Structures are given as structure tokens and as C-alpha cells.
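One structure is given here, and the rest of the page talks about it.
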Amino acid sequence: MGFPKGRRRLVVAVTTLLTLVAVAGIGYRVLAPAEVVTPARGAPPPAGTPAVGVVGRLPVAPLVVAGRLRVYAAERQIYADQPADSRNRVTPFWSYRRWPATLDGVLAAGTMVLSRWSDGKLVALDGLTGTVAWRADGPTPYAVAPARRTGAATVWDPHGISVAPAPGSRTVLVVSGRDGLRGYDLADGRELWRVDGGRDCRTDLGTTAAGQVFSVDSCAGPTAVEFRAVATGTVGTRWRPPDAPERFTVTPVGCLTPRSQCRGLRTDGGSGGRGWQVGPGAPMAAPALDAAGTTLVGELAVGDDGGVLKGWEARTGKGRWQRGDLGPVTILATEAGRLYVLTERRELVTLDPVTGAQRSRFPMTPGRDGIGWKPGRAYAAGGYVAVERLRERADPDDDDQAYFLMAEPVVLAAT
């Protein structure tokens, strides 16, 4: 004997309601904003002294933190493995994940790992433990091209985030986005200053080694470069190159990372570039930096001159050293006291940038991988060097399969 018709309808309605509630609960748990922190369970490894040479190859691009572990980026996750000289990627030592935001950029400063997300949130992690040091709201980032599978653009070339020294032994994090420009104390995430608006006519470039934030501004007339005090955000210098056209472009040069603590810049008004060194005041002309392929290492300009690698005094152009024994080279990266170049035979050569003296030299070829590749993005920190290996005919429009040399295209070396 079944339920009466009216009661049957009631049972069906209640069952349907309970089902909808259960589905809604499951959907909320799956789709609701979430943060998952998985800190390290043990002590971080000590800083080692790896043997000079190729360490190994990796599927994704690493950031080396304090010479002790490596940090990687995924679409919605930051994670680390250890030790820094492990031959392959291993089980994560710690992990941090957010949902539904996507990771926009990662920057390492000392043992702090700063992450920026698509919703503008800034999350600073202790790089040795994976614990959250602080969280803050930042300007929403601009849309950039999706990172390829190595994640190198996210960790080696993050847009809109940079750091610089400030008075009182502080470090200031500078963040740029759709909502303007802001400065934060890197130690605790406290907002120090902000500049709203102006993004349609202002391009924020990064920071200088002298503790300034520099931007290209055309909001009030001809293009000019503005230099702000990193501790306060106030404009101290507004500069235009002598005889510059109304509009010109600016490229940072000699930076600690692509946009942090830069020592120079190159301006181009369409008739050739001009190089400049930046310091506390207005930029100083540095003719040795005029050529687009030249970089700045400390006070010296370094570049390939017809197959001869040369070092010049940036301002006077006086030659300091030259190396004709290397043949044509690609400058991969620089850091304090080290200049890294790659020869046509795919040898990684580490030079003293002041004297040109060789510090190390070895093939950048794990196992029997060979030399049939060209370098993509590269990175250096603490004596480690990493580079993407691309197919010799790779084109930026190629998919990842045709673009990268193999499934593990990143080679890591210790110098």
C-alpha cells in the first residue's frame, strides 16, 4: 500500500530540497574561496656547497632561496623542494595553494617569498618553512600572456612587483596594477603609501639600487621619467633626456631581477638608444650602454662586440677587459661578482665582471642531451644558474611541445 497522493508529493518535495541542499553544500566546499597551507614538517636543509657543474634538469623553473631549497610556481600553487642541488624535482617540502585566484607572480627577497594573485591579494611566505608571514590587499594586476609550462615568466620575470632598499635597513615592496602604484613594508605587509590612477598614461618600470621607484609618465605633457622615494612614494626627480623627442621608450638595465634595484636605463626615441646610469639624482649619460645588447654589471658595461666579449667603463667608454677566446656568446644573467655567458658550444662560462677573469667553465648539457638547443629565459641566484632550453627553430607562437626541447627543458647548474 503506497502513500496517499498528497503525502507522496510532499515526500518528493522534501527529498528534492534535501538533495539541492546537499549539492549546494558540496558545491560550496569545492568552489568557495579557499586557502590551503601545508608547511614543512621538518627543519630546512643547511646551505651546502654543491660541486661546480650541471646539477640536473627540471620540468619547471626554480627560484633558489638562501641556497637551501627551490621554489616553483603552478597555476594556483607555490611549492618548494629541497635541497637546492637535488638532481631532479622531488616531493614538496612545503606548499601553499589558493582558489579560485590564479598565481600572477612570485618574488624572492632573502628568505621571504612574495606571491601576487589575480585578485590582487599579496601573500608573503617564509621561504624556509612555507608558513604565511602576512597577507595584504594590493592593486589588481594587468592581464599578461599565460605562462608556459615551465612557469619561468611567473618566477623569473614577474610583472608589477619589485623591491628596493629604504632608510632604516628596511626593504620596500612596490606593486603596480590597474588600481595604481603602492608601497609596502616587506617585513610585515604594512602599506606605506599609494598613488592612485594614472595608469593610462604612466608605465611603472620597477625600482633602482638607490632606493627609488621609476615610472615613465606622459600624463601632463611630453614623456618624462619620474623617480619616487621608495619609502614615501613622493616624486623627487622628473627627468627627460636632453634633446629627447616628445615621446620615447625606457628599458631598465642592470637590474637585480628584471625590475628590482636597477642601476641603469636605456631610452629610445626612434633614432637609436641612449644609455644612462641611475643614482640618487638625475640619470648620468653612459654611452657604453647605448647598444641594445649591452648590459650593466656594477659600474661596467658588458657586451659582445663582433664576437669579442668586452667590458667598458659605462660613462667614459674606456675599455677595461676583453675576451676573444670565447667566440660569440649570449649573456644569460648577472649577479654580484658574477657574469654568466653561454657559448655557441653551449658551455656556461662564469666571469668576474670587473676583470673578465674566468671563474668556471663547463658544458651546460646534462647527460647526453647534446647542444642542439637555444637559450630561453635564464635566472641566477647565489651561484646557481638555470636556463630554459628551446628547440633551435622555436617560435614564440609555437605550442609548448614545439617550443621546448624536451619534457624537462630547464637545466640547473652550480658555478
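The values are calculated or read from the model by the stated rules, or taken from the named source; none is laboratory data. Bear in mind the structure is a predicted one, so any value in this text is a computation, not a measurement. We place every Cβ from the backbone using ideal geometry, glycine too, and count neighbours over all the protein chains shown. For accessibility, only protein heavy atoms count, side chains too; no ligands or nucleic acids. Shrake-Rupley method; radii C 1.70, N 1.55, O 1.52, S 1.80 Å.
Remarks
- 20 Å reach of a label modelled at ALA336, 7 Å along Cα-to-Cβ, counting backbone N of segment 255-298: 255-264, 278-280, 296-298
- Calculation over all alpha carbon pairs of segment 84-127 in 5 angstrom steps from 0 returns a P(r) of 5, 18, 25, 21, 20, 8, 3, 0 percent.
- Taken over the chain, the convex hull of the Cα atoms encloses 206 Å³ per residue.
- Every pair of different Cα atoms in segment 297-415 enters the Kirkwood calculation, which places the hydrodynamic radius at 15.0 Å.
- Rh (Kirkwood; distinct C-alpha pairs) - segment 84-196, Å: 14.8
- Of every Cα-Cα pair in segment 32-145, the percent that sits beyond 20 Å: 40
- Part-to-part distance (alpha-carbon centres) for segment 141-215 and segment 374-405, which is given in Å: 25
- Taking all protein chains as they are arranged and a probe of 1.4 Å, the heavy atoms of CYS255 leave approximately 30 Å² accessible to solvent.
- Here is how the number arises for the chain: DSSP H runs of 4 or more residues each give -39500 (n - 2.57), the sum is divided by the residue count, and the result at 222 nm is -2500 deg cm²/dmol.
- Folded to 0 to 90 degrees: helix 5-31 orientation relative to the chain principal axis, Cα: 20
- Taking all protein chains as they are arranged and a probe of 1.4 Å, the heavy atoms of GLU344 leave approximately 120 Å² accessible to solvent.
- Here the accessible area of the chain is 52 percent carbon and sulfur, with a 1.4 angstrom probe and all protein chains present.
- For the chain, modelled as a GNM whose springs connect Cα atoms under 10 angstrom apart, the maximal fluctuation among ALA145, ALA378, ALA61 occurs at ALA145.
- In the context of the full protein assembly, VAL354 retains an accessible surface of approximately 80 Å², using a probe radius of 1.4 Å and ignoring ligands and nucleic acids.
- Extension gain, ALA285 to GLU299: 0.36 nm times the residue separation minus the Cα-Cα distance gives 3.8 nm.
- The Stokes-Einstein estimate for segment 265-324, based on a Kirkwood radius over Cα pairs and taken at 10 °C with 1.306 mPa s viscosity, is a diffusion coefficient of 136 µm²/s.
- Stokes-Einstein, applied to the Kirkwood radius of segment 196-315 over Cα pairs at a viscosity of 1.306 mPa s and 10 °C, places its translational diffusion at 109 µm² s⁻¹.
- Summed over the residues of the chain and divided among them, the accessible surface reaches 47 Å² per residue at a probe radius of 1.4 Å.
- Shown are LYS310, LYS318, whose ranking by accessible area with a 1.4 Å probe and every protein chain present, most to least, is LYS318, LYS310.
- Candidates per chymotrypsin sites (Phe, Trp or Tyr not before Pro) in segment 58-166, loop by DSSP, up to 14 other Cβ within 10 Å: TYR142
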